[in-house]
Amino acid sequence: MNNKKLRSVDLLRLLLGVIATLFFIFPVIWMVMTGFKTGNQAFSNSSSFIFEPTLDNFHKVFFESNFKSALFTSFQTVSISVVFTILLASGIAYPMARFPSKRMDKLASWIISLRIVPPIVTIIPLFLLLKNVKLTGSMWSLVLVYTFMNIPLAVWLLRGFFKEVPREIEEAAELDGLDNKRIFFRIVLPISAPGVVATALLSFVFAWNDFLFANILSGATTRTATVGLTEFVTPVGTAWTTIMAAGTIVVIPVWIAALFAQKYLVRGLTMGSVK
Amino acid sequence: MKTLQIESSVANGNSLNRAEGSSRARKNLHLQRYTSMMPGILLLLALSIFPSIYALVVSFQRWILTDPKGRKFIGFENYQDLLGNPAFWHSLRVTLTFVLLTVVIESILAYVLALIFFRPMPFHRIMRTLILVPMLTAPIVVGMLARFMFDSQFGIINTFSESLGLGRHDYLSGLNSAFLTIVIVDIWQWTPFLFLIFLAAMQSVPEELIEAVKLDGASRIHIITHIFIPLMKYPIIVGITLRLIDSFRVYDLIYATTRGGPINLTSTMSWSIYESGFKILNVGVASAYSAVFLVTVLLVSGVFLKKLSKEIDFTR
């Protein structure tokens, strides 16, 4: 009796789980499917699930628009900013992990408090200042802003990873006569490599997904992929199938990055506070 | 370099007695430890403190980018204009309603989902991974996708609602539906975020504890209220605080779908600041608005942040 009741609970859970999964994944599947449809297939019968796929939209995205260069700009800008983020953030995080003190804790809370400020609040003065030094429209203004945006997250994550390196190893290296710099690069960094890579991947995701900063700071020649996506909407009309194809392309690098960083996803999204 | 290691080994509580060397040299070494922090901290300072002060100054100026007369100090006029404008209070209400609705519904849904997925079942892993996909999709892409799916003519949502006998609607431009549609899209995208955190937290509750309480005859509800919720307090607060902070930011979604409309029914504070700063180009008012917005965010999330700072364990 009890056993049977338990099983029906499990069945209900499975049913609810499947429904939830469909709810969350269906729109994304719809986007990918639409990317492979012709305009007629997409609009004549809006609920067609079976159709003959076409690569026309992807062809358009890559060869008949500026989207390819927008993708390139995104890759370039975001990658450079990730390198800076990791360098600057480990510079902060390593002493924090190694020489903890009250003052360090205060610094850490100040750094995380920067995460509270909404980007729209930051962007107005930043835009005016960058305009003064003629950096708006340059790729470097975005590199700067993304690095700034990701350092708090990276510091908190890296601090956690560096703390997990056993103290004894560092102390042994010290006795062997290695200075702090060498201890960091030769011992701490290799040991915490998976964590550092995960931090880099998450920083990549956040910068890659940004739209607000890119929309305001990027110029005609430095459109990022997220901005380029919105440019398929023209006064003449909206090429929905092309947009869905482009959207799919924008999203794929993030999915791949997340797949690699899956183990650290919870930690990364909560700035290391939940493991 | 040699003395540097000595200094740190002393600090590490190493019992070797080497506290030699002049205090000045020691101070230098002490500083050397922290030199690697300088570039990063300087960047953070340069891009936070400096712009904040600048924005504060601008908020007391009449400054419209297209106005050739340039800038002029006008005291609190921008703030007076803002607070005297009904549109501001409307935006405040829209924003607070949006934040409250999304965060509350997302928390509840995520908690229920986490309970469903807490114990293994067939296809457990693959389903869990698929649920995370919305959260990993760029918000601007989600916005475009929403606009496509909710379209009044060829959107698939209308196909669904028609076949369910609910008729066709212009969801994103209807006076009654636009705001709720945005809320639903936000819930779709961000429930997975809280789900992931809650699930991880639930799974860290020791199995033996649950078994022990079960043997004592505790009911399911009892286990949830007396074991899960107290033990998950910290992750729950972290998750909700982060969602709260992020929910205030909503911009991409509105840019892609309603642009604050119809009329101004989805005009959140983020969106209004964007419009006054980058469309009307009145950076004076936009700066004053930003200051008020920041205070609002701090006030609302402050309750949680306080709790968080009490619970945060720096030794982790």
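For this structure, a couple of remarks:
- Relative contact order computed over chain B (Cα-Cα under 8 Å; 6+ residues apart), in percent: 25
- When you count the other C-beta atoms within 10 angstrom of each residue and take the mean per peptide, A:81-90, A:102-111 line up highest first as A:81-90, A:102-111.
- If R0 is 60 Å, the Cβ-Cβ spacing of B:Ile53 and A:Phe63 corresponds to a FRET efficiency of close to 0.80.
- Three-way shape label, chain A, alpha-carbon gyration tensor, a/c 1.5: oblate
- In summary, the helical segments of chain A meeting the span-like criteria, namely a full DSSP H run, a Cα extent along the axis of 20 angstrom or more and a mean Kyte-Doolittle hydropathy of at least 0.0, are A:2-35, A:67-98, A:139-163, A:193-209, A:240-260.
- Other residues with beta-carbon under 14 Å from the beta-carbon of B:Arg249 carry, at +1 per Lys or Arg and -1 per Asp or Glu, a net charge of -2.
- Debye log10 I(q)/I(0) at q = 0.08, 0.12 Å⁻¹ for the protein assembly as shown, Cα point scatterers: -0.63, -1.32
- Separation between Cα centres of the range B:225-264 and the range A:149-192, rounded to whole Å: 34
- Averaged over A:30-36, number of beta-carbon atoms from partner chains that fall within 10 Å: 2
- Label-to-label distance, B:Phe73 versus A:Val18, with points set 7 angstrom from Cα along the beta-carbon direction: 7.1 nm.
- Two-site FRET efficiency, A:Val233 against A:Arg115, from Cβ-Cβ distance with R₀ of 30 Å, rounded to 0.05: 0.45
- Distance distribution note for chain B: the fraction of Cα pairs above 37 angstrom is 40%.
- Selection from A:Leu178, A:Ile249, B:Ser270, by position along the positive dipole direction of the protein assembly as shown (Cβ): A:Leu178
- Legend: distances between Cα atoms for A:Lys68/B:Lys279; B:Lys233/B:Lys307; A:Lys106/B:Lys306; A:Lys68/A:Lys131; B:Lys233/B:Lys310; A:Lys37/A:Lys60; pairs beyond 20 Å are A:Lys68/B:Lys279; A:Lys68/A:Lys131.
- Counts of other chain beta carbons within 10 angstrom of each beta carbon in peptide A:67-79 average 0.
- Residue among B:Ser163, B:Ser290, B:Ser107 with the largest mean-square fluctuation in a Gaussian network model of chain B, springs linking Cα atoms under 10 Å: B:Ser163
- For B:Ile116, net neighbour charge (Lys/Arg +1, Asp/Glu -1) across residues whose Cβ lies under 15 Å away: +4
- Ordering B:Tyr54, B:Tyr171 from the fewest to the most neighbouring beta carbons within 10 Å gives B:Tyr54, B:Tyr171.
- For the peptides A:13-19, A:140-146, residues were scored by their other Cβ atoms within 10 Å and the scores averaged per peptide; the highest-first order is A:140-146, A:13-19.
- Whole-number Å³ per residue for the convex hull built on Cα positions in the range B:44-160: 236
- Cα centroid of the range A:14-82 to Cα centroid of the range B:151-170, whole Å: 21
- Total formal charge among the other residues, if their Cβ is under 13 angstrom from that of B:Ile41, Lys/Arg +1 and Asp/Glu -1: +2
- Neighbour-count order for A:Glu164, A:Glu171, B:Glu106, fewest beta carbons within 10 angstrom listed first: A:Glu164, A:Glu171, B:Glu106
- Going from the residue with the fewest nearby Cβ atoms within 10 Å to the one with the most, A:Ile50, B:Ile157 rank A:Ile50, B:Ile157.
- Within 10 Å of the Cβ of each residue in B:171-184, the mean number of Cβ atoms contributed by other protein chains is 0.
- Order by protection proxy (mean Cβ within 10 Å, highest first), peptides A:253-262, B:239-248: B:239-248, A:253-262
We did not get these values from a lab; they are worked out from the coordinates using the rules stated. In this text, all values refer to a predicted model and were calculated from it rather than measured experimentally. Please note: Cβ atoms are built from the backbone with ideal geometry, for glycine as well, and neighbour counts cover all protein chains shown.
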